[in-house]
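Undergrad: Okay, handing you the structure first.
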Amino acid sequence: MDSDTDSPKSKTPRKEKNKKNKKKKDVPPQPDRIEVAVEVVREHPNKTAPVVGYFPSGFDPVKNHASGSGPSEFQLYRHRNMSKRMQLVVRPPGTSVEFVGTSFSGEAAAGHRTMFALGLLDKEAGTLKIVPIAGNKIFRLEPKVKGVDAADNEPASSTLEEMTPQQKFAETTAILGTKKDIEKAKKKLALKQDEDPNSQRNLNLKMKNVSVKESALQSTESHVSRNIPPYDTSATTPQEAYVLDKIILTGEWNYLEDIYYNLHQEEKADFSSYPTFVRNRVEGLRKIKDESEKRKLSCIFSYINHLIKFKDQHSFGVFSAKGHKIPNILRYKFSNMFAVSELRRLPPEKISLLISYVLVLTLFADNFQTDCTDIAKDLSMSVLAVRKVYEELGCKLIRQKGTLNSLSFTLSVPLTFPDLKNKGKRKR
């Protein structure tokens, strides 16, 4: 009977007791919390920030000092003009090996978006100082042998004493200068070599053995001064007079198929954004049955379109081509070929070169007999100005049969150009 009258505590199941014990054991100990005042220290131009580096070889200067070898020597070198260009050297005692790390080469030269800082916690004072590190770089300290690895980069002291100030500056630039400074120094050195009598004497000896082809020089001079696309004066057909493969390169044709694909849209095709020269010849393109010929001409028309839009995009007060997208391969080529300035304007001589490219391609598009009325409108030029450029390209003006006022230009071979010597002379 006594066993039936147990207390309520004795009736608690054992499983519930085990669960409560487990919950108490699983609670991790709470860490001690410290309230600190955070202070962010800004980098001072006249003070050196803490330098952070690591030894990938496994060398530990603290253990090396504890073993009785003595403390390692730390030296930090900073560029006089570029404060973030630094070199850290660690020299352990009693060895010919030193550890060198820089903030401008190797691993430190790789681009990163991380901002490094060093935190200094003072529990007693209750402060946490956030300090920036030197140059925002982690120095990778690589082992180097004294007198071997440094011999190629550091000029000997005796040699420096014998150098002139200009030579010392050039030597220092070659070691610590940026790539841009090194290139400038090389160009200056090449220019000054002309004043050296020894180099001048060697040049005269070399030039005696060089045979000069006068006709090649004349052809090169006229090509540069005429400011026109690549041509061949020995061509026997108009198709070969101007080298199409040098105007539209092999890898560019695949980016010029917009008109060709637009033709297959039939009624949905929209050519309203194209120049007048292209729109007036769309119906002629539709009638071509040879698909390869149709594709070729469509690509030439597309190239003309991109050239005209590129000119408009870099012309003052012209906004019609603002939203036109030129393939990157062509935009990069045009920017280099026509020397786009920082103000996004084309130099006058490069505008003339671009117009020459456009007019040469119109000859290919119209089977080397073209009317200049519509292309003059697209280039915002007078018919007389366009006529002058066609003549400079070696074209001849002809009157079309059955019409009184319709004039066209044709390209005949061999190419003959106006005499450059008489150009610009005043008639008396």
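Undergrad: Which of the peptides 131-143, 234-246, 257-269 is most tightly packed, and how do the rest follow, judged by the mean count of other Cβ atoms within 10 Å per residue?
TA: The packing order, highest mean first, is 131-143, 234-246, 257-269.
Undergrad: Now, a different point. For the pair residue 380/residue 351, report the inter-label distance in nm, with labels modelled 7 Å from Cα in the Cβ direction.
TA: 0.8
Undergrad: Now for a different question. State the three equivalent ellipsoid semi-axes of the range 225-411, derived from the C-alpha gyration tensor as the square roots of 5 times its eigenvalues, in descending order and whole Å.
TA: Each semi-axis is √(5λ); the values are 23, 22, 18 Å.
Undergrad: How many Å² of accessible area per residue for the range 231-297, probe 1.4 Å?
TA: Accessible area per residue: 63 Å².
Undergrad: Per the 1.4 Å probe, what fraction of the accessible area of the range 225-411, in percent, lies on carbon and sulfur atoms?
TA: Numbers: 5210 of 10100 Å².
Looking at the range 225-411 in its full context, I get 52 percent from C and S.
Undergrad: How far is it, in nm, from the label point at residue 291 to the one at residue 95 when both lie 7 Å from their Cα along the line to the Cβ?
TA: That separation, rounded to one decimal, is 7.3 nm.
Undergrad: Continuing with the same structure: Taking N as the number of residues in the range 31-101, what is its Cα Rg relative to 2.2 N^0.38 Å?
TA: The reported ratio for this selection is 1.52.
Undergrad: I would also like to ask the following. Are any of the pairs 179/309; 63/129; 137/180; 47/179 more than 32 Å apart by Cα-Cα distance, and if so, which?
TA: Distance filter (> 32 Å) returns 179/309.
The values are calculated or read from the model by the stated rules, or taken from the named source; none is laboratory data. All values reported here derive from a predicted model rather than from experimental measurement. Cβ coordinates were reconstructed from backbone atoms using ideal geometry, including for glycine residues, and neighbour counts include every protein chain displayed. Note: areas computed on protein heavy atoms with side chains; ligands, DNA, RNA excluded. Shrake-Rupley method; radii C 1.70, N 1.55, O 1.52, S 1.80 Å.
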